[in-house]
Amino acid sequence: MRFNKHPRFEFTDTHQKRAAIRRRHKREVNKYPLLAFIGEIAPVDEDKEMAARRRKHADDDVHDRRRHAADWRKARRLLREHAEKDGILWYWQTYSLTANPVMLLDLIRNWPQMKASRLAAEQRMNAFRRERGDSALPACKSLTVFLDTLALSPFDESHEVA
């Protein structure tokens, strides 16, 4: 099954980020001068702010990776339970959908509509090619041909979808 790992990005401490912290503090002081005068707006320690941002980045990365993995597990579970898992898996492997769990979940949820629209498009394309005298669509990209082969030959039930 096509699968893209969730990317990892390192947090980088740059002078632009530090300048943004200083600009934000200056903007707050300009917006609320009385609060700054009585000391409610304390000066910002850039090092503490950057350390907090680094921790937040690490926490967000862990959260995003867990959510991404949970989405993959959910998509694979739904695919295993789906009555037309062979057609969905074939479509997933054949067409250039982004290999992320959200796209697979969307394909599984919308399979009846996608299958109907794809079959209708293939019928229109085959009718157009017949009018021109061209051959039918190649079997490797034809959902109609694939579904026909599934109907003719029983699929091996020992095949597991990962």
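Each reported figure results from applying straightforward, stated rules to the coordinates on display, with no laboratory input. Predicted model only: the values in this text are computed from it and were never measured. Backbone-built Cβ (ideal geometry, glycine too); neighbour counts: all protein chains shown.
The table for this structure:
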| quantity | calculated |
| --- | --- |
| Long pairs among Lys56/Lys85; Lys5/Lys85; Lys5/Lys115, criterion Cα-Cα beyond 29 Å | Lys56/Lys85 |
| Per-pair calculated FRET efficiency, R0 = 35 Å: Leu105 and Asn126 via Cβ, rounded to 0.05 | 0.70 |
| For segment 23-62 versus segment 97-136, the gap between their alpha-carbon centres in whole angstrom | 52 Å |
| Ranked list, fewest to most other Cβ atoms within 10 Å of each Cβ, for Phe128, Phe9 | Phe9, Phe128 |
| Sequence of Thr94, Thr12 once ranked by neighbouring C-beta atoms within 10 Å, starting from the fewest | Thr12, Thr94 |
| Residues Glu84, Glu131, sorted so that the one with the fewest Cβ neighbours within 10 Å comes first | Glu131, Glu84 |
| Förster-model FRET efficiency, 35 Å R0, Leu97 and Glu28, C-beta, rounded to 0.05 | 0.20 |
